[in-house]
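These notes concern the structure reproduced below.
The values are calculated or read from the model by the stated rules, or taken from the named source; none is laboratory data. Here the structure is a predicted model, which is why all the values come from computation and not from measurement. As a convention, Cβ positions derive from the backbone with ideal geometry for all residues, glycine included, and neighbour counts pool all protein chains shown.
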Amino acid sequence: MIKARRKEKVSPWAAELIGTMVVEHGETREEAVAAITERVNRRLELRELQNTILRKKGKSVMA
């Protein structure tokens, strides 16, 4: 398990993912954080879109 922890608060799974991206893929820490942030934001946007579609169809939405 490769971890990258700094002074900023980072969840354990994110720290491990950042460490893996830095060590195994040769990315800088900033590049790794940017890539992870982009993926998380994209996933949140998709979830919001799915919830909007379900609401329009009158179906229940799970949080």
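Among the residues of the stretch 40-63, those that are among the charged types (D, E, K, R) and either loosely packed, with under 11 Cβ neighbours inside 10 Å or part of a loop (DSSP other than H, G, I, E, B) (or both) comprise Arg42, Arg43, Glu45, Glu48, Lys56, Lys57, Lys59. The residue of the stretch 2-20 that is surrounded by the most Cβ atoms within 10 Å (Cβ to Cβ), among those that are at pLDDT 85 or above and closer than 12 Å to Thr37 by Cβ, is Ile18.
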